[in-house]
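Shown next, in structure tokens, is the structure this report addresses.
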Ligand SMILES: [Zn+2]
């Protein structure tokens with residue numbers, strides 16, 4: 001179990017691209033280690049290899065820990081096992097939906113490999129499943145673009161990964 | 001320093017970097033906004049993968065070498081990417097086909113490398129494999145959409161096949177460092193990936209109503225540093241800033 005006190009502090013660090021989610025909600029905090037010399041090390045994992053927000057996230061975590069009195073915290077990136085949207089907290093998924101982004105479906109249920117397969121994504125606005133995929137890629141690496149065929153609203157889907 | 005390991009990792013990085021750079025040339029020029037965003041997101045994934053490999057290569061090399069010095073300060077002959085990834089973008093069809101050929105290859109290769117005894121290569125590939133699988137799905141769909149589209153799009157795909165097919169054979173002909181990587185148990189036998197690769201091409205081409213070429217001649221040399229004329233132009237643009245203002249930072 002990770003130190004609850006540290007996790008509470010980290011829950012104030014927002015994802016710069018989806019600011020409604022904290023780094024804890026996102027599930028990218030792999031571990032928190034208190035070393036014998038009193039220093040603190042936070043292990044984080046990238047969502048996508050090329051995610052340009054990772055450097056900023058590491059800096060923001062460092063700043064938040066410094067502001068809370070932790071001297072010289074160390075942020076280490078861990079690649080394996082690879083991050084999956086299944087690590088996103090249930091609370092995080094609710095926050096996403098309220099923010100207008102459809103949360104990722106559970107991985108075992110979808111992540112279809114068949115060509116032209118479309119996942120039935122629920123519209124975060126009117127809850128209809130009558131939606132269509134506009135594009136597999138969206139405004140950031142973690143999202144795809146959808147449109148609701150009932151309320152007509154376009155929306156982002158935090159794609160399962 | 002482990003010379004073959006360094007070269008092997010640099011080769012993986014260069015393939016990702018050069019294809020990522022080529023795709024990024026579409027930024028602001030895509031046929032429609034959504035696909036402009038798609039191809040540049042793929043760039044981002046590939047350049048991210050290249051960064052991971054370069055960071056590891058720099059660690060192997062030691063000394064002053066960094067991910068940046070490897071990307072920005074090597075000359076053409078030191079690049080180990082295959083010829084396929086440096087080919088010009090051409091039209092959207094050619095870019096799509098190049099992506100399909102390469103994602104197909106990377107998917108097969110990374111799914112082997114994620115079990116490599118080299119923990120760092122395995123971790124990078126485990127992560128990258130998810131992205132590459134998504135690229136393969138996206139590019140497969142586009143090959144089908146264009147191949148089985150209008151007369152015009154079909155003709156353009158035929159043209160793209162004519163231009164690119166000769167560069168695909170190189171993927172499966174091991175360079176010295178790939179042979180050594182196989183010998184040491186680090187990497188898979190890439191000659192054995194060819195069948196799976198061809199099967200995937202046949203499957204997608206069939207649905208796309210495109211013929212699978214039978215020509216076997218392969219242009220080679222890229223993986224040994226003997227590149228087509230195009231790579232020099234890519235590097236001139238990519239390396240301009242670091243060459244003109246050495247060590248400048250954001
Ligand atoms: Zn709706």
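Tabulated data for the structure shown
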{"item": "Per-region count, region B:15-54, residues surrounded by fewer than 18 Cβ atoms within 10 Å (Cβ to Cβ) and either over 20 Å from residue B:94 (Cβ atoms) or touching a strand residue (DSSP E or B) at 6+ places or on another chain (Cβ under 7 Å) (or both)", "result": "2"}
{"item": "Given (1) modelled with pLDDT under 90; (2) assigned to a helix (DSSP H, G or I), number of the condition residue A:17 does not satisfy", "result": "(2)"}
{"item": "Failed criterion for residue A:101 (all others in (1) within 14 Å of chain B (Cβ to nearest Cβ); (2) in contact (Cβ under 8 Å) with a residue 60 or more places away in the chain; (3) within 14 Å of the ligand (Cβ to nearest atom) hold)", "result": "(1)"}
{"item": "Residue list for region A:121-161, filter: part of a loop (DSSP other than H, G, I, E, B) and either touching a residue at least 60 places away in the same chain (Cβ under 8 Å) or more than 10 Å from the ligand (Cβ to nearest atom) (or both)", "result": "A:121, A:136, A:137, A:138, A:139, A:140, A:141, A:142, A:159, A:160, A:161"}
{"item": "Some residue of region B:58-71 being surrounded by 17 or more Cβ atoms within 10 Å (Cβ to Cβ), farther than 16 Å from residue B:21 by Cα and within 14 Å of chain A (Cβ to nearest Cβ)", "result": "no"}
{"item": "All positions within region B:94-107 that are within 14 Å of chain A (Cβ to nearest Cβ) and crowded, with 24+ Cβ neighbours inside 10 Å", "result": "B:96, B:99, B:100, B:103, B:104, B:106"}
{"item": "Some residue of region B:3-24 being out of contact with any helix residue (DSSP H, G or I) (no Cβ under 6 Å at 6 or more places or on another chain), at pLDDT below 95 and either closer than 26 Å to residue B:229 by Cα or part of a helix (DSSP H, G or I) (or both)", "result": "yes"}
{"item": "Search result, residues across region A:1-14 that are surrounded by 15 or more Cβ atoms within 10 Å (Cβ to Cβ) and either touching a helix residue (DSSP H, G or I) at 6+ places or on another chain (Cβ under 6 Å) or part of a helix (DSSP H, G or I) (or both)", "result": "A:6, A:7, A:9, A:10, A:11, A:13"}
{"item": "Tally, over region A:17-41, of residues that are surrounded by 14 or more Cβ atoms within 10 Å (Cβ to Cβ) and either within 22 Å of residue A:103 (Cα to Cα) or in the same structural domain as residue A:142 (by TED's automatic domain parsing) (or both)", "result": "13"}
{"item": "Residue among B:75, B:91, B:118, B:151 that is in contact with a helix residue (DSSP H, G or I) (Cβ under 7 Å, 6 or more places away or on another chain) and either surrounded by fewer than 24 Cβ atoms within 10 Å (Cβ to Cβ) or in contact (Cβ under 8 Å) with a residue 60 or more places away in the chain (or both)", "result": "B:91"}
{"item": "Given (1) more than 20 Å from residue B:237 (Cα to Cα); (2) within 14 Å of chain A (Cβ to nearest Cβ), number of the condition residue B:6 does not satisfy", "result": "(2)"}
{"item": "Per-region count, region B:154-190, residues surrounded by 17 or more Cβ atoms within 10 Å (Cβ to Cβ), within 22 Å of residue B:108 (Cβ to Cβ) and in contact (Cβ under 8 Å) with a residue 60 or more places away in the chain", "result": "16"}
{"item": "Residue selected from region A:58-87 under the condition away from chain B (no Cβ under 14 Å) and in contact (Cβ under 8 Å) with a residue 40 or more places away in the chain, by the criterion surrounded by the fewest Cβ atoms within 10 Å (Cβ to Cβ)", "result": "A:68"}
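The values are calculated or read from the model by the stated rules, or taken from the named source; none is laboratory data. Everything numeric in this text was worked out from a predicted model, so none of it was measured. Cβ: placed from backbone, ideal geometry, glycine included. Neighbour counts: every protein chain shown.
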